[in-house]
Amino acid sequence: MESSRWRAPLACCRPRALVLHALFWALVALRVFGAALLAEDKLAAVRAAVSPCWLLEDFVVTGECSQCDAFQTTQPACGQTGYVEKINCTKSNRDEYKSCRSAVTEERRFWKFEAAALSATALSAVLVVLRQRRLDRLASEKVRRQIESI
C-alpha cells in the first residue's frame with residue numbers, strides 16, 4: 001500500500017486551531033457583509049435625499065405635458081425628452097417637473113417608423129422579384145444548353 005508523501009500537519013486538526021480558523025473566517029465574513037449592508041443603507045439615504053419626490057410617493061399631474069422653454073432647459077427633467085409636465089407630490093406637497101413624452105412627437109415617430117418599415121418591405125419585394133427573374137433565366141439557359149447537347 002502506497003502512502004501519500006504529503007500529509008496535513010497535525011496542528012491544523014486540533015480543536016483549538018479549528019475554533020480559531022472558524023472564528024477568523026466568521027470575522028472576515030462579518031466585516032465584508034457588514035460593510036455591504038452599511039453601504040446599502042447610506043445609498044438608500046442618499047437616494048431619498050436626492051431623488052425627486054415622484055419616485056418615492058404618489059403624485060398628481062397639475063400641468064399637462066409641454067415643450068421645455070428656455071428657462072426649463074437647464075433642469076435635468078427637461079434633458080431627457082425635451083418635454084415636461086408639472087406634478088404635485090401628495091405626501092410632501094411639493095411641486096416638481098417630471099419628464100414626459102409628447103403625443104404629437106410620438107405620433108410622428110410612429111409614422112416615420114411605419115414609412116421605414118413599408119420602404120424596407122417594398123425594397124425587399126423588388127429584390128426578391130429581380131433575383132427570381134435572374135434564377136429563372138439561369139435555369140432556362142441551363143435547360144437550353146442541355147437540349148442543344150443532345
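Fully extending the segment from Leu20 to Ser119, taken as 0.36 nm per residue of separation minus the present Cα-Cα distance, adds 28.3 nm. Residues in the stretch 51-150 average 80 Å² of solvent-accessible surface per residue, probe 1.4 Å, ligands and nucleic acids excluded.
Mean sequence separation of contacting Cα pairs (under 8 Å, at least six apart), scaled by the length of the stretch 73-123, corresponds to a relative contact order of 26 percent.
Here Arg109 and Lys86 are evaluated by their C-beta separation; at R0 = 30 Å the FRET efficiency comes out at 0.80. Multiplying the residue separation of Gln72 and Arg101 by 0.36 nm and removing their Cα-Cα distance gives an extension gain of 8.9 nm.
The values are calculated or read from the model by the stated rules, or taken from the named source; none is laboratory data. Because the structure is a prediction, the values reported are computed rather than measured. For neighbour counting, all protein chains shown are included, and Cβ atoms are generated from backbone atoms with ideal geometry for every residue, glycine included. Ligands, DNA and RNA are stripped out before the accessible areas are found, and what is left, the full protein with its side chains, is counted by its heavy atoms. Shrake-Rupley method; radii C 1.70, N 1.55, O 1.52, S 1.80 Å.
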